[in-house]
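See below for the structure under consideration.
The values are calculated or read from the model by the stated rules, or taken from the named source; none is laboratory data. Since the model is a prediction, treat every value here as computed from it, not as a measurement. No Cβ is skipped: glycine too gets one built from the backbone with ideal geometry, and neighbour counts run over all protein chains shown.
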Amino acid sequence: MRFWNDPDVRAGFTVGLPLLGAVCPVAMVFGALSVQLGLTVADTVLMSAIVYAGASQMVAIDLWGQNVPAWSILLAVFAVNFRHLLYSAALTPIIQTQRWFTKAFVFFFLVDPQFAFTEQRAQEGHPFKLRWYAALASVFFFGWTIATLIGAMFGSLIKNPEALGLDMLLPLYFLALVMGFRARPRWALVVTVAGVVSVLIALGPELGILPAWLGPPWHVTIGGLAGVFAAALVPPHRPGSAAGNKAARNSGDRNGNAPPLDGAAAPQLRP
């Protein structure tokens, strides 16, 4: 009982549970699609539990159904999951004092919403708490795995997922995560550059301006790197400048602290 009464544990569950409404339908679609393409229910659930990477699982199972060579599937999964290299680099300063097995635990469960909420919590001035992270991770992991099982068992009842708009769940899910960072400096620049480059890479082979091997799924990796380079090339506004003061007012206080998204008071920094 003491574990459940821990405020960090409650905070982790409170943050994660509302997002299950977006995560679980995607997992159900994956479960249904996997069984339709020849995987057993056990294989499907095991894949969700071991691989535990929603977007790359969807890519892998789609290519599996097209009888693509294994090396092509691995290359596509690498391209889609390359963003996790950026995620782990961004979280390294937050968990650098943790032991190696704690870091291994953190990185295994570092899916997209887990990263977004952990980064947001750090920006609000909260120290890293393993119990908070574990509670949040358990919500997403068990929610994803159980929803995969439900989709694998009963997904055949849905004859036309596109008619219900289920094919749009994953794009909308990522869009919601991106919008959660809109108060950050240079957010508009990064999103614009990453979006434009991703679209060009995705459509380039069809338009004849890029070779076929440079199309999807490499648009995910290249677009993300383009956004990172854009942020690195454009310096942030200095606090003393007019633009810096405006950016500080838009994103939080004059120190540049991002406003907490849960309505709590912003942390006060000592001079």
Candidates Val199, Val139 - the one that is assigned to a helix (DSSP H, G or I), among the β-branched types (Val, Ile, Thr) and in contact (Cβ under 8 Å) with a residue 60 or more places away in the chain: Val139
Filter result (of a type in the set (D, E, K, R) and either closer than 21 Å to Leu63 by Cβ or modelled with pLDDT under 90 (or both)) within the range 6-45: Asp6, Asp43
Number of positions in the range 202-216 that are assigned to a loop (DSSP other than H, G, I, E, B) and in contact with a Leu (Cβ under 9 Å, 6 or more places away or on another chain): 3
Can you find a residue that is within 22 Å of Phe107 (Cβ to Cβ), free of Cβ contacts under 8 Å to residues at least 60 places away in the same chain and of a type in the set (Ser, Thr, Tyr) anywhere in the range 48-57? yes
Odd one out for Ala147 among (1) at positive phi; (2) within 19 Å of the chain's Cα centre (by Cα): (1)
Take the residues in the range 98-135 that are among the β-branched types (Val, Ile, Thr) and either surrounded by 19 or more Cβ atoms within 10 Å (Cβ to Cβ) or modelled with pLDDT under 90 (or both); name whichever of them is farthest from Phe181 (Cα to Cα). Val106
Exclusive hit being modelled with pLDDT under 90, in contact with a helix residue (DSSP H, G or I) (Cβ under 7 Å, 6 or more places away or on another chain) and exposed (fewer than 12 other Cβ atoms within 10 Å of the Cβ), set Phe3, Phe82: Phe3
Taking the conditions exactly as written (at pLDDT 70 or above and assigned to a helix (DSSP H, G or I)), does Ala247 satisfy them or not? no
Looking for whichever is within 30 Å of Cys24 (Cα to Cα), at pLDDT 70 or above and in contact with a Gly (Cβ under 7 Å, 6 or more places away or on another chain) here; the options are Val220, Val199, Val178, Val190. Which one fits? Val190
Can you give me the ranges of the helices (runs of 4 or more DSSP H) entirely in the range 1-104 with at least 3 residues that are over 21 Å from Ala152 (Cα atoms)? 7-16, 70-81, 83-95
Considering the range 107-137 alone, what residues qualify as being under 14 Å from Asp6 (Cβ atoms) and either more than 18 Å from the chain's Cα centre (by Cα) or among the aromatic types (Phe, Trp, Tyr) (or both)? Lys129, Leu130, Arg131, Trp132, Tyr133
